[in-house]
1. By its C-alpha gyration tensor, with a ≥ b ≥ c as the square roots of the eigenvalues, how is segment 179-221 shaped: rounded for a/c under 1.5, else prolate for a/b larger than b/c, else oblate?
2. Considering the options Pro54, Val244, Thr151, tell which one lies farthest towards the positive end of the dipole of the chain, charges being +1 on Lys and Arg and -1 on Asp and Glu at the Cβ, about the Cα centre.
3. Quick check: the angle from helix 40-52's long axis to the longest principal axis of the chain, C-alpha only, nearest 10 degrees?
4. About its Cα centre, how strong a charge dipole does segment 134-195 have in debye, to the nearest 20, once Lys and Arg get +1 and Asp and Glu get -1 at the Cβ?
5. Rounded, prolate or oblate for segment 189-243? Axes are the square roots of the Cα gyration tensor eigenvalues, ordered a ≥ b ≥ c, and the cut-off for rounded is a/c under 1.5.
6. Got a sec? Charge dipole of the chain, +1 on Cβ for Lys and Arg, -1 for Asp and Glu; which of Met81, Leu44, Leu255 is way out at the positive end?
7. Would you compute, from DSSP H runs of 4+ residues alone, the mean residue ellipticity of the chain at 222 nm, taking -39500 (n - 2.57) per run and dividing by the full residue count, rounded to the nearest 500?
8. Express as a percent, rounded to the nearest 5, the fraction of DSSP beta bridges in the chain (both residues included) that run antiparallel.
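None of the figures in this text is laboratory data; all of them are computed from the coordinates on show. Quick caveat: nothing in here was measured; it's all calculated off a predicted structure. Positions of Cβ are generated from backbone atoms using ideal geometry, with glycine treated the same way; all protein chains shown enter the neighbour counts.
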Amino acid sequence: MQREVGKHALIQQLLALGVEPGAVLLVHTAFSQVGPVEGGPRGLIEALREALGPVGTLVMPSMTDGDEVPFDLNATPCRGMGVVADRFWRLAGVRRSDSPHAFAAAGPRAGEITAPHPIEVPHGPDSPAGRVHALNGQVLLLGVGHDANTTIHLGEFMAGVRYRRAKRLAVLRDGRPSWLEYEEIDHCCRNFVLVEDWLDERGLQRRGSVGYGDARLARARDVVRVVVEHLRQDETAFLHPFGVDEECDEAWTSLCS
Ligand SMILES: [Zn+2]
């Protein structure tokens, strides 16, 4: 049995990694890799907020697990984003955007980050991830790799990639459930791990440990910049060769239609 990492030690690890007090910080976490820590998932959230201080803003993904039921910002869980994210939006003082592609935020910039955003463009400039980027925020990956890094989708949007996948979401219209169909920049996303080397080559990523987990920290602007550079050379850099998985195949097919 590993010993719990105390809250003070977590804060020291976060600051040593380069988390900036007063900044905007978007965090993706797999708690199974980070714990055990004092206070469990809530203790990790408290450590993140204390490292950021009263002027800092903590942001986490909070999107729905299922597209079959209309999103309810007060009730829809986000277990797919991990137990820390699913605990975060439920805490007092945390705001959650009203979208199946929701993010949650706490701190002085939380209101603007979680303001309404268009469903059909989940991770464009006018989205929580786009606003974190505009505010020169940092992206922290705790126990997860870049395949969990939503900000890379913002880079794809900025690069103007043409591939799309058809999406279908239950929404409420005039209080009644109905389907919204749209096209989204998407694929299996496993090749987002390429961004690891793209950042490292330029010295734009810091690594360390938080709790027992591997931690990676980069500026949202640096993530977007290296993604745009690579996608402008090869629009399909993230897509698996045709025939490997259905999601990437659908993205390839959209380029040919
Ligand atoms: Zn793929």
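1. On the way: a/c = 2.74, a/b = 1.93, b/c = 1.42.
Verdict is prolate for segment 179-221.
2. In the chain, that residue is Pro54.
3. In the chain, helix 40-52 runs at an angle near 80 degrees to the longest axis.
4. On the way: 8 positive and 7 negative charges, 34 e Å.
Magnitude of the dipole: close to 160 debye.
5. Details: a/c = 3.08, a/b = 1.57, b/c = 1.96.
Oblate.
6. It is Leu44.
7. Values: 10 runs with 87 residues, N = 257.
Helices in the chain give a 222 nm mean residue ellipticity of -9500 deg cm²/dmol.
8. Details: 25 of 34 bridges.
Approximately 75 percent, going by the DSSP bridge assignments.
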